[in-house]
Amino acid sequence: MNRLVFLGVFSMLLLTACKNRGQKNQDVDTAPVYANAEAPQPPVQVKFPVYSFDGFKPYLNKVDDKVHVINFWATWCKPCIKELPYFEKVNAEQKDQGVEVLLVSLDMPSMWKSKLEPFVERKNIQSKVIILDDPDMNDWIPKVDEDWGGGIPATLIYKNGQRIFFERGLTYEELIQEIDKML
């Protein structure tokens, strides 16, 4: 369902852009500028590691004695922001008990310096933050969880062979309850 919503929004934006393409603006040079897909893009220097899905994939299947809590979020997602303090609290309280929290930002590259970095600093986020930058969402989303429709917030909690996935926000109590099942 979320993929259909995304495709619908994308189609509307594309149609709007195409509709307005023929209109001239007297005040502004409106010649479109297109990125050359063949030309290498300069890397954006950010404080957090940036991964393609292939680089990120090892985080999904660690085999050790830890409970891994992986939260997919973005700074523009209000439900994500609402639940972030719960992950921070779990990180602070249960790190020594073998719980590892990983916050996977799905923010767009244009937001990394202007939104993501200041947000993490302002909120004093202590959990590990990484960026997943892989535009082929239809390929990698089902590899995280076959039932994931792509909506965020989304959280994967696992320990070795035990896995549970949530495509919704969690309360602190729900988070603790699911982690306790794996400890």
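Testing the spin-label approximation: label points 7 Å from Cα along Cα→Cβ at K128 and K47. State their distance in nm.
1.8 nm
Go through K115/K159; K113/K181; K82/K113; K47/K181; K89/K143; K123/K181 and tell me which ones have a Cα-Cα distance over 26 Å in this structure.
Exceeds cut-off: K115/K159; K113/K181; K47/K181; K89/K143; K123/K181.
Out of residues 5 or more away from V67 or on other chains, whose amide H comes under 5 Å of its own, with H placed 1.01 Å from N in the peptide plane?
V99, E100
Got a sec to turn the phi values of segment 104-117 into Karplus ³J(HN,Hα) couplings, 6.51 cos²θ - 1.76 cosθ + 1.60 with θ = phi - 60°, whole Hz, x for Gly and Pro?
Those phi angles translate into 9, 6, 10, 4, 6, x, 5, 9, 4, 7, 7, 10, 5, 4 Hz.
Which far-off residues, 5 or more places away or on another chain, put their amide H under 5 Å from the one on A154, with H placed in the peptide plane?
F72
How big is Rg to Rh over segment 46-182, alpha-carbon atoms, Rh as the Kirkwood inverse-mean-distance radius?
Here the Rg-to-Rh quotient is 0.93.
Quote to one decimal, in nm, the extra length available between S110 and V63 on full extension: 0.36 nm per residue of separation minus the C-alpha distance between them.
Difference between extended and current length: 13.5 nm.
Where a number appears in this text, it was derived from the coordinates with a stated rule and is not lab data. Model, not experiment: these values are computed from the prediction. Every residue, glycine as well, gets a Cβ built from its backbone with ideal geometry; the counts of neighbours run over all protein chains shown.
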